[in-house]
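Worksheet: one structure, shown below.
The values are calculated or read from the model by the stated rules, or taken from the named source; none is laboratory data. Just so you know, these numbers come straight off a predicted model, no measurement behind them. Here the Cβ positions follow ideal geometry from the backbone for every residue, glycine too, while neighbour counts run over all protein chains shown. The area values use the complete protein model at the heavy-atom level, side chains included, leaving out ligands, DNA and RNA. Shrake-Rupley method; radii C 1.70, N 1.55, O 1.52, S 1.80 Å.
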Amino acid sequence: MFENLEEINCPHCGANNPIEIVYGLPSDEMEASAAKGEIVLGGCTMSGMALTETGEIIAPNDPSYRCRNEECGRNFGETTL
């Protein structure tokens, strides 16, 4: 939740400013943000993690973003922990 989303483009349709997918047990504030369409709740569990060559922990099967374009709406990006 700390990236400039306006600089991120959907690899499927090219639209920018995706909605960030947030993982973990949601707080009341997160649920309110999800109801407003500000974030997408990704669930409490992640499907698997890996260590990159640079030492980052990623969850390659859990997307970071959802395209805001209603005609696309696809999820994309790797989640970095």
- Query: Can we say G48 is within 23 Å of E7 (Cβ to Cβ) and in contact (Cβ under 8 Å) with a residue 12 or more places away in the chain?
  - Reply: no
- Message: So N75 passes all but one of these: (1) out of contact with any Asp or Glu (no Cβ under 7 Å at 6 or more places or on another chain); (2) surrounded by fewer than 17 Cβ atoms within 10 Å (Cβ to Cβ). Which condition number does it fail?
- Response: (2)
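Of a type outside the set (S, T, N, Q) and more than 15 Å from the chain's Cα centre (by Cα): is that true of G43 in this structure?
In short, no.
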- Do you know which residues across the range 47-72 are within 12 Å of the chain's Cα centre (by Cα) and either open to solvent by less than 40 Å² (accessible area, probe 1.4 Å) or not basic (K, R) (or both)? A59, P60, N61, D62, P63, S64, Y65, C67
- Task: Could you grab me the full set of residues in the range 38-81 that are modelled with pLDDT under 95 and of a type in the set (G, A, S)?
- Result: G42, G43, S47, G48, A50, G55, A59, S64, G77
- Which of the residues that make up the range 21-40 are open to solvent by 30 Å² or more (accessible area, probe 1.4 Å) and under 16 Å from T80 (Cα atoms)? Y23
- Query: Does A32 meet the test of being at pLDDT 95 or above and of a type in the set (G, A, S)?
  - Reply: yes
- Only one of (1) in contact (Cβ under 8 Å) with a residue 60 or more places away in the chain; (2) out of contact with any Gly (no Cβ under 8 Å at 6 or more places or on another chain) is not met by A34, so which one is it? (1)
